[in-house]
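Reading through the C-alpha cells given below for one structure.
The values are calculated or read from the model by the stated rules, or taken from the named source; none is laboratory data. Being a predicted model, the structure only gives us computed values, none of them experimental. Here the Cβ positions follow ideal geometry from the backbone for every residue, glycine too, while neighbour counts run over all protein chains shown.
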Amino acid sequence: MSIAPQDSAQTAPTARMTGIGRVLVIVYAVMALASTGRSFVQIVQRFDEAPLAYVLSAVAAVVYIVATVALIRAGRPGWYTVAWIAIVFELSGVIVVGALSLILPALFQHPTVWSQFGIGYLFIPLLLPVFGIWWLRMHHPRRDAR
C-alpha cells in the first residue's frame, strides 16, 4: 500500500502564516465576526432607523470576511491581489466614513463599524488595514517563494 506524498507547500507553514501574519489573520477574523454580528442585528432589528449606517456596517463585514480569506490564501494565485483590494478598500472606507461621520454627523446618527475611524472598536478598523498593507508589502508571494 502506497501513500502519495503530500505537497510540502500545503503542509508546511509559510512565513506569511506564522507570527505576526497569524495574529493579523486572527484579528481580521474577529473583526469579520464582530461586524457581521453587529450588521445582522442592526439590519434585522432597526434597519428603518438608519439604513445607510447599517448597510455600511454590512459592507464592512463583507470586506473583513474577504480580507480574512484572502490573507489566509495570499500565497495562491490571485488571492494576494484580492487581499490588496480588500485592505485598500477597507482603509478607504474607514477614512471616508470616519471623516463623514465627524463632518456630517446627521448622516450617521447610528454608529457603524467605521464611524469616527472605528472608535467603537478602539480604532482597530483604522490601524488594521495599515498593518495589513505593511504585511502584504513584506510578504509578496514571489519573495516568500525564494
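Any residue at all in region 21-33 that is surrounded by fewer than 17 Cβ atoms within 10 Å (Cβ to Cβ) and within 18 Å of P141 (Cα to Cα)?
Yes, region 21-33 has at least one match.
Filtering region 40-66 down to residues that are surrounded by 19 or more Cβ atoms within 10 Å (Cβ to Cβ) and at pLDDT below 95, which residue is farthest from A83 (Cα to Cα)?
My answer is Q42.
Is it the case that A32 is of a type outside the set (K, R), in a helix (DSSP H, G or I), under 18 Å from L126 (Cβ atoms) and free of Cβ contacts under 8 Å to residues at least 60 places away in the same chain? Full working, then the answer.
Working: of a type outside the set (K, R): yes; in a helix (DSSP H, G or I): yes; under 18 Å from L126 (Cβ atoms): yes; free of Cβ contacts under 8 Å to residues at least 60 places away in the same chain: yes.
It is true that A32 is of a type outside the set (K, R), in a helix (DSSP H, G or I), under 18 Å from L126 (Cβ atoms) and free of Cβ contacts under 8 Å to residues at least 60 places away in the same chain.
Do we find a residue being within 15 Å of G21 (Cβ to Cβ) and without any contact (Cβ under 8 Å) to a residue 24 or more places away in the chain anywhere in region 100-109?
Residues of region 100-109 that are within 15 Å of G21 (Cβ to Cβ), as a first pass: none.
No, there is no match, as no residue in region 100-109 is within 15 Å of G21 (Cβ to Cβ) and without any contact (Cβ under 8 Å) to a residue 24 or more places away in the chain.
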